[in-house]
Amino acid sequence: MLNRIIIMGRLTKDPELRRTQSGTAVTSFSVAVDRDFKGQNGEKETDFIDVVAWRSTAEFVCQYFSKGRMAVVEGRLQMRDWKDQNGNNRRVAEVVADNVYFGDSKRDGAAPTGGSMAAPAGGYNRAPVGGMPSTFAEIEEEDGELPF
């Protein structure tokens, strides 16, 4: 069985970090994804797709993404059933994010929210794990020639 989804769009609001009772980080956000074609009225239509991120991915999204920022979300589609206040059965589709990448470059020369870590245009995923450094520095080019 295969359940993989990749979407690219802009966050509709700033994500907020929450914690479960056991302390696990979680955030929910919505991504506005333009369709590749125009509708009958001649305008492009937009889908608003709900996304849930857990643990270090949730922390990464909350630290470096804000409303309007382009994000590439890789994960799986999940259907969730629930009852509303009136007791009616409801169903919602959401993407459970495995990885979230920057879909645009750092805007207006401003540092990302919450720190000075520079994001490369191609992006990087998730918060640093294990023994990886928590900040990145740009590598200076010497003479532009390759050593081989």
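Within the stretch 49-63, being among the aromatic types (Phe, Trp, Tyr) and either assigned to a strand (DSSP E or B) or more than 30 Å from THR24 (Cβ to Cβ) (or both) holds for one residue alone: TRP54. A single member of VAL100, VAL129 is modelled with pLDDT of 95 or more and among the hydrophobic types (A, V, I, L, M, F, W, C), and it is VAL100. When the stretch 34-48 is filtered for residues that are assigned to a strand (DSSP E or B) and under 20 Å from THR12 (Cβ atoms), the ones remaining, listed by number, are ASP34, ARG35, ASP36, LYS44, GLU45, THR46, ASP47, PHE48.
The C-beta contact set for the stretch 20-47 (first residue under 17 Å from GLY68 (Cβ atoms), second residue among the acidic types (Asp, Glu) and part of a loop (DSSP other than H, G, I, E, B), distance under 7 angstrom, 6+ apart or interchain) comprises THR27/GLU16. Within the stretch 75-92, the residues that satisfy the criterion of being modelled with pLDDT of 95 or more and within 24 Å of LEU17 (Cβ to Cβ) are GLY75, ARG76, LEU77, GLN78. Do we have SER30 as hydroxyl-bearing (Ser, Thr, Tyr), within 12 Å of the chain's Cα centre (by Cα) and assigned to a loop (DSSP other than H, G, I, E, B) here? It is false that SER30 is hydroxyl-bearing (Ser, Thr, Tyr), within 12 Å of the chain's Cα centre (by Cα) and assigned to a loop (DSSP other than H, G, I, E, B).
The values are calculated or read from the model by the stated rules, or taken from the named source; none is laboratory data. The shown structure was predicted, so the numbers you read here are calculated from the model rather than taken from an experiment. A quick note on method: Cβ atoms are made from the backbone with ideal geometry, for glycine too, and the neighbour counts reach across all protein chains shown.
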